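Inspection log for the structure reproduced underneath, given as structure tokens.
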Amino acid sequence: MKLKDIAQKYSKDALKIHKNLNNKIWQNETIKPRILNKLKLITDKCVKFNKIEQNIVDVIMIGSSCDVNYTEKSDIDIHLVLDLNEDSDEYKIIVLQCKDWNRNNFLIFNHKVEVNPQPTDSKTISKNAAQYSIKHNKWLKKPNYDFEITDEMYEEIDNTVKEIINQAHKCYKEKDGNKLHQIIKKLKDERRKSVATEGELSIPNLVFKTLRYIGCIDEWKDRIIKFEVTELLNRG
């Protein structure tokens, strides 16, 4: 897929704010029993496989799948809340274990289920973010149904998306996979920081979600690999 074709796919669908939660997962504000059981099965297997049962404080759902800004491409983000310091070796090992576990590509209604660790004193999750306890089957923080994306926000997001696509286009011309990788890294870093302070509906998070929704993130990752392969072949 050409970059210009990706840009033409840009749509406000990626930024749509719904009046209700995703009805594939929720019945009003109650998680559907079948979905709850599947999520428990996936997380229980992950926890037992990696032998981290003793560190679990809670298992929670965060992100757009328990909020009002979901799309058909939203992941179901599950966090294992651990009684561990995130700077500890044990925690870092669990991060890698979960990363490996997520390669199994578990899906519920085509929504990928991602399982990741989170320390009890996490500073990367906003207190305003919607959170649902899978372990205890209850809301820890309900979504903000009154949130609206203003015309000014749409314009800022649109301009930022176009600017980043133009930056990536320059990387294409220069066949520079390193710079393309830095673009993705910067997007992820800004997203993580903004979610921690402003929540799921922060501008950097919505910019990232838009780029992912229209296929840019996956396209850029594929292009980085192609650049690396070409470079290796040229060395030979």
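Report every pair of residues separated by at least 6 positions or lying on different chains whose Cβ atoms are under 8 Å apart, first residue within segment 86-106 and assigned by TED's automatic domain parsing to the domain that holds Ser122, second hydrophobic (A, V, I, L, M, F, W, C) and assigned to a helix (DSSP H, G or I).
Going by the 8 Å Cβ cut-off, the qualifying pairs are Cys98/Cys46; Trp101/Cys46; Trp101/Phe49; Phe106/Ile42.
Take the conditions surrounded by 14 or more Cβ atoms within 10 Å (Cβ to Cβ), assigned by TED's automatic domain parsing to the domain that holds Lys32 and within 23 Å of Thr30 (Cβ to Cβ) and apply them to Ile76. Does it pass? Walk me through how you get there before you give the answer.
Working: surrounded by 14 or more Cβ atoms within 10 Å (Cβ to Cβ): yes; assigned by TED's automatic domain parsing to the domain that holds Lys32: yes; within 23 Å of Thr30 (Cβ to Cβ): yes.
Yes, satisfied.
Has segment 131-146 got at least one residue that is under 30 Å from Leu180 (Cβ atoms) and either in contact (Cβ under 8 Å) with a residue 40 or more places away in the chain or surrounded by fewer than 20 Cβ atoms within 10 Å (Cβ to Cβ) (or both)? If you could, list the steps in order and put the result at the bottom.
Residues of segment 131-146 under 30 Å from Leu180 (Cβ atoms): none.
Among the residues of segment 131-146, not one is under 30 Å from Leu180 (Cβ atoms) and either in contact (Cβ under 8 Å) with a residue 40 or more places away in the chain or surrounded by fewer than 20 Cβ atoms within 10 Å (Cβ to Cβ) (or both), which makes the answer no.
So is Val195 closer than 17 Å to Val68 by Cα and in a helix (DSSP H, G or I) or not?
Answer is yes for this residue.
Name the strands (runs of 3 or more DSSP E) wholly within segment 89-181 that hold at least 1 residues that are under 19 Å from the mean Cα position of the chain (by Cα), at pLDDT 95 or above and hydroxyl-bearing (Ser, Thr, Tyr)? I'd like the intermediate steps shown before the answer.
Working: elements: 111-119, 131-133, 138-141.
In segment 89-181, 131-133 are the strands (runs of 3 or more DSSP E) which contain 1 or more residues that are under 19 Å from the mean Cα position of the chain (by Cα), at pLDDT 95 or above and hydroxyl-bearing (Ser, Thr, Tyr).
Each row is one residue, and each column tells you yes or no for (1) within 22 Å of Phe208 (Cβ to Cβ); (2) loosely packed, with under 12 Cβ neighbours inside 10 Å; (3) of a type outside the set (A, V, I, L, M).
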| site | (1), (2), (3) |
| --- | --- |
| Lys48 | no, yes, yes |
| Gly63 | yes, no, yes |
| Asn85 | no, no, yes |
| Tyr91 | no, no, yes |
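The values are calculated or read from the model by the stated rules, or taken from the named source; none is laboratory data. Since the model is a prediction, treat every value here as computed from it, not as a measurement. Every residue, glycine among them, receives a Cβ derived from its backbone with ideal geometry; neighbour counts consider all protein chains shown.
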